[in-house]
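Enquirer: Have a look at this one before I ask anything.
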Amino acid sequence: MKQGPLFSIARWIGLIFGGVFTGFLVCVLVLETSLRDYDAKVYAQVRQVELDSLDTLASATLIPTIIATAILVFGAWKAKGKDLYLPLAALALLLLILILTIVVNLPINADQKDWTVTSPPSDWADVRDKWQTSHAVRTVAALAAFALLSFSAITHRTQSPATTPTETPLATRS
């Protein structure tokens, strides 16, 4: 079964938004790792800045990536082709990221929005470590999902009816 333009568009959306999402997570991981050398007040202040708009960027890139990847999985499943496994694995990783975000990171984000920069809570380092560990898992999962989507795009074969090779007459010599 030949896949239509919706699947081609979904493939591009998944790659573009997935790439931006993955790059964003890597940048936040680098920033968060850098913050480990600073005290509670610096950490709390940077988290306040991060929480200003980064959740919006994460949602604006993760959600389209999940939807596009789900469309690819549906199309591959419907076509009963070999193109199913890579996007399916990518979708599983993206859903893992979404679940981790909802269960671990977003509740911590909501709590940290109420932190006072001048007097962060006494357990700030434990909260930081929990958030950063979950974020590191999300980042690795995003890198793997993006790699799977990229490899899927490279190896994707459009299916068309079987054709027989046409014979080309040999050039005649004069």
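The values are calculated or read from the model by the stated rules, or taken from the named source; none is laboratory data. None of the values given here were measured: they were computed from a predicted structure. Here Cβ is always computed from backbone atoms with ideal geometry, including for glycine, and neighbour counts include all displayed protein chains. Just the protein is used for accessible areas: all its heavy atoms, side chains included, with ligands, DNA and RNA removed. Shrake-Rupley method; radii C 1.70, N 1.55, O 1.52, S 1.80 Å.
Enquirer: Going by average Cβ density within 10 Å per residue, which order do the peptides 28-35, 132-139, 89-96 take, highest to lowest?
Expert: Working: 28-35: 14.5, 132-139: 17.6, 89-96: 20.9.
Sorting 28-35, 132-139, 89-96 by mean packing, highest first, produces 89-96, 132-139, 28-35.
Enquirer: For the chain, which whole percent of the accessible surface, found with a 1.4 angstrom probe, sits on carbon and sulfur atoms? List each step's numbers first, then the result.
Expert: Working: 7160 of 10610 Å².
Heavy-atom surface of the chain belonging to carbon and sulfur, 1.4 Å probe: 67 percent.
Enquirer: How much length, in nm to one decimal, is gained on full extension between ILE99 and ASP111, taken as 0.36 nm per residue of separation minus their Cα-Cα distance? Numbers along the way, then the final one.
Expert: On the way: separation 12, 0.36 × 12 = 4.32 nm, distance 1.80 nm.
Full-extension gain reported as 2.5 nm.
Enquirer: DSSP loop (so not H, G, I, E, B), at most 14 other Cβ within 10 Å: list which trypsin sites (Lys or Arg not before Pro) in region 11-62 pass both filters. Show your work: numbers first, answer last.
Expert: Working: sites: ARG11, ARG36, LYS41, ARG47; in loops: ARG36.
Within region 11-62, the qualifying trypsin sites (Lys or Arg not before Pro) (loop, at most 14 other Cβ atoms within 10 Å) are ARG36.
Enquirer: A further question follows. Can you tell me the orientation of helix 124-155 relative to the chain, as the angle in degrees between its alpha-carbon axis and the longest Cα principal axis, to the nearest 10?
Expert: 10
Enquirer: Between ALA153 and ALA136, 0.36 nm times their residue separation minus their Cα-Cα distance comes to what? Present the calculation step by step, with values, prior to reporting the outcome.
Expert: Values: separation 17, 0.36 × 17 = 6.12 nm, distance 2.57 nm.
Full extension from ALA153 to ALA136 adds 3.6 nm.
Enquirer: Determine the per residue accessible area of the chain with all protein chains present and a 1.4 angstrom probe, expressed in square angstrom. Mind showing how you got there, number by number?
Expert: Working: 10610 Å² over 174 residues.
Accessible surface, normalised per residue, equals 61 Å².
Enquirer: Now for a different question. Could you give the length gained by full extension between TRP77 and SER34, i.e. 0.36 nm per residue of separation minus their alpha carbon distance, to one decimal place? Intermediate values should be presented prior to the final figure.
Expert: On the way: separation 43, 0.36 × 43 = 15.48 nm, distance 4.29 nm.
11.2 nm is the gain from fully extending TRP77 to SER34.
Enquirer: With a cut-off of 8 Å between alpha carbons and a minimum separation of six or more residues, what is the relative contact order of region 1-149 in percent? Before the final figure, lay out the partial values.
Expert: Numbers: 136 pairs, mean separation 58.0, N = 149.
It comes to 39 percent, rounded to a whole number.
Enquirer: Out of these labelled values of log10 I(q)/I(0) by the Debye sum over Cα atoms at q = 0.10, 0.12, 0.16 Å⁻¹, (i) -0.54, -0.67, -0.94; (ii) -0.49, -0.63, -0.90; (iii) -0.43, -0.58, -0.92, which was calculated from the coordinates shown here?
Expert: (ii)
Enquirer: So what is the calculated 222 nm ellipticity per residue for the chain, using -39500 (n - 2.57) for each DSSP H run with n of 4 or more, over all residues, to the nearest 500 deg cm²/dmol? Let's see the in-between values first.
Expert: Numbers: 5 runs with 127 residues, N = 174.
Taking each H run of at least 4 residues, the total per residue is -26000 deg cm²/dmol.
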